[in-house]
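Comments concern the structure below.
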Amino acid sequence: MKRFSPLLAAVLVALAAPALAQDISAQKAIYQKAEKNLASCKKVCGSSEYGDALVGWVDEDGSLIKVTANSSGRSEDYYPGPDGKLAYVHLDWGDDDHRVKESIYFTPTAIVKWLANGENSDESPEELKESFATFQKNFATYSHILLPDQAAEPASASPTKPATQPAAQSASESAADSASEESAGKTFASAGKGDIKGSTLNVTEGKFLRIDEGDYFHWVMKDKETGEEVDYFIIKPDANVEAVTDAPEKFVGKKCRVTWKESTENLPEAGGKQDVQQILSVTWIK
């Protein structure tokens, strides 16, 4: 019988250890310390370009220890570490019937753990990399708005909403990896998250027009900039988008801002893999 040296055996065990075994005690300590010290911090407020209500807590050293961004039905909490880089993000979104709470743990270079309603989520390496960059960009943007004299201006002053809703839905619902979901007799594709084509999310503002119904739902709106009709596949929507598919007539003509991305999806009813533009979330503009 071939024997391994104790050192080689230890190396093999380390290599086989799952990524989710990552120690997150430091990130938890940062979160707990920040929450404990909020009462003694100076509070600063602001608003993002997209209308998110921003609140920041500044400690005695003049550093942000927490930033919160609130929009319709969604809150985002950002907690930086002593180095000023993100250590932890908490998301809370959905409606009264279905709330999703997500806990996301960071090192300076990567997301190391992602929980949705207490369950491990299933983002691909590409999605983790994309979301890491998006969260960092949002935090830098919000910090600059709240403390313009202290925070370095990010490369782009416009935050992009992270594509977390589909991940949270798949982590919190047992049927997340099935080929499709039925809603009002039509199909939401859920054959997988697809191969991400771009590294950024996209935002379109305009007026909601209708929901087209074929093999899949399509979100149709009038683009504010071009004046043209645009449509997006509804594949793994958040709760706000689902509410529109249930009663689209209630939303016709309303101003909205949608976050969407390009991806390659396996859509059996449409003939297999296709490049699509899919809506992720919607925020209504007053």
Item to check | Among the candidates Glu49, Glu126, Glu102, residue that is surrounded by 17 or more Cβ atoms within 10 Å (Cβ to Cβ) and either at pLDDT below 90 or assigned to a strand (DSSP E or B) (or both) | outcome: Glu102
Checklist outcome for this item: In segment 112-132, anything free of Cβ contacts under 8 Å to residues at least 24 places away in the same chain and under 20 Å from Asp238 (Cβ atoms) is listed as Gly118, Leu128
Checklist entry - Does any residue of segment 36-46 turn out to be under 14 Å from Ile145 (Cβ atoms), in contact (Cβ under 8 Å) with a residue 12 or more places away in the chain, surrounded by 17 or more Cβ atoms within 10 Å (Cβ to Cβ) and in contact with a strand residue (DSSP E or B) (Cβ under 9 Å, 6 or more places away or on another chain)? => result yes
Next on the checklist: Among the residues that make up segment 26-37, is at least one of them in the same structural domain as Gln136 (by the TED database) and on the phi > 0 side of the Ramachandran plot?
Outcome noted: no
Checklist entry - Has segment 69-79 got any residue that is under 30 Å from Lys255 (Cβ atoms), more than 18 Å from the chain's Cα centre (by Cα) and part of a strand (DSSP E or B)? => result no
Checklist outcome for this item: From the option list Gln274, Gln278, single residue qualifying as polar (S, T, N, Q) and open to solvent by less than 30 Å² (accessible area, probe 1.4 Å) is Gln278
Checklist entry - Looking at Thr68, Thr107, which is the one that is closer than 22 Å to Ser281 by Cα and hydroxyl-bearing (Ser, Thr, Tyr)? => result Thr68
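The values are calculated or read from the model by the stated rules, or taken from the named source; none is laboratory data. This structure is a prediction, so every number in the text was calculated from the model and none was measured. Quick reminder, even Gly has a Cβ in these numbers, built from the backbone with ideal geometry, and neighbours come from all protein chains shown. Protein only, heavy atoms only, side chains kept; ligands, DNA and RNA dropped before computing areas. Shrake-Rupley method; radii C 1.70, N 1.55, O 1.52, S 1.80 Å.
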